[in-house]
Amino acid sequence: MPVIAVAPTDRVPSGTPSCEADTESILAAIAQFPTVDVVLLSADDEARRAARSARLSLGQGRIGLAHHDEPVTEFFVMAAAAQLLPGNALGLVDAVLDDVRRSTTTIAQLSSVSSLERPTPSVAQHVAGLVPGARFVVDWRAGTVRQGDAPDLPPGVAVVTAGSDKAVPGEVALPPGTPGLMELASDDGGRWGSSRWRETTVLHVTLEEIVSTALQSAGSARQPRCPSCQRVGAGRLCVFCQVGLSSQSPIDISNGAVA
């Protein structure tokens, strides 16, 4: 912490620093943390552009950028995971959020795919969507679209859902006994382009376990560091300097590990 989610407050866990996707709001949010590293986490192009603009206007190397274009329920889980990172390991945020994605199942149930852009439906599916009562299932991670009812979701440690005010025919049954059910406020479902939609993300591993694994790996391996700022990082670019990472000797981040 802090990772600031550039998203509405009802799209992130309670207590998560967040702000609207405009430069002025982002600058005000950053000002609440004047002396520490800050990462701006975005999930859509508007938020990404605003985050870049705010970072550029400040010209401070302590401001990092992380962009993960994910559905609202999965972004909610990612924002929660990002808050568990200690301040001296914020450069690992992309690695942690990639692990979150691999540890979740996210599906969307739609009444139409006529405006769905990602993943791309077939022409036959477009035509099938014209029939009243049609329903489709999108598997976000697999990148697939199929017609019919949703399968039973695998069990997990938490479930986050969101959807239109109008119910989707054949809504998915949540895994029995799954704790931590969270229902997000409805939005326009712009990602799915359907008037009737239901989105569900199941988390299969605790966030504490995901973050602890990332910290332990960084502390025991030759973790990449930024050649400019020397922060520990993961992936291709430093989230703070936006330059390529280079392999260095291990860095001690054990004092910030999650218990």
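The values are calculated or read from the model by the stated rules, or taken from the named source; none is laboratory data. Quick caveat: nothing in here was measured; it's all calculated off a predicted structure. FYI the Cβ positions are ideal-geometry reconstructions off the backbone, even for glycines, and counts take in every protein chain you see. Heads up: the accessible areas ignore ligands, DNA and RNA and are worked out on the full protein's heavy atoms, side chains in. Shrake-Rupley method; radii C 1.70, N 1.55, O 1.52, S 1.80 Å.
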Qualifying positions in region 18-63 - touching a helix residue (DSSP H, G or I) at 6+ places or on another chain (Cβ under 8 Å), among the small types (Gly, Ala, Ser) and within 25 Å of Ser228 (Cβ to Cβ): Ser42, Ala50, Ala51, Ser53, Ala54, Ser57
Residue under evaluation Gln223, criteria (1) open to solvent by less than 40 Å² (accessible area, probe 1.4 Å); (2) farther than 29 Å from Val38 by Cα; (3) modelled with pLDDT under 85, criterion not met: (2)
Take Ala124 and decide whether it is small (Gly, Ala, Ser) and either in a loop (DSSP other than H, G, I, E, B) or under 23 Å from Ala80 (Cβ atoms) (or both). no
What number of residues within region 38-49 satisfy the criterion of being open to solvent by less than 10 Å² (accessible area, probe 1.4 Å) and in a helix (DSSP H, G or I)? 1
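A quick yes/no check of all residues on (1) without any contact (Cβ under 8 Å) to a residue 40 or more places away in the chain; (2) farther than 21 Å from Arg236 by Cα:
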{"position": "Ile63", "(1), (2)": "no, no"}
{"position": "Thr73", "(1), (2)": "no, yes"}
{"position": "Leu85", "(1), (2)": "no, no"}
{"position": "Ala89", "(1), (2)": "no, no"}
{"position": "Val93", "(1), (2)": "no, no"}
{"position": "Val113", "(1), (2)": "no, yes"}
{"position": "Ser122", "(1), (2)": "yes, yes"}
I need the full set of residues from region 1-37 which are among the acidic types (Asp, Glu) and buried (at least 20 other Cβ atoms within 10 Å of the Cβ), in order please. Asp37
All strands (runs of 3 or more DSSP E) inside region 132-214 with 3 or more residues being open to solvent by 60 Å² or more (accessible area, probe 1.4 Å) and modelled with pLDDT of 90 or more: 144-147
Answer yes or no as to whether Ala259 is open to solvent by 70 Å² or more (accessible area, probe 1.4 Å), at pLDDT below 85, assigned to a loop (DSSP other than H, G, I, E, B) and of a type in the set (Gly, Ala, Ser). yes
Mind listing whichever residues of region 96-123 are crowded, with 19+ Cβ neighbours inside 10 Å and more than 20 Å from Pro155 (Cα to Cα)? Val96, Leu97, Leu110, Ser111, Ser112, Val113, Leu116, Pro121
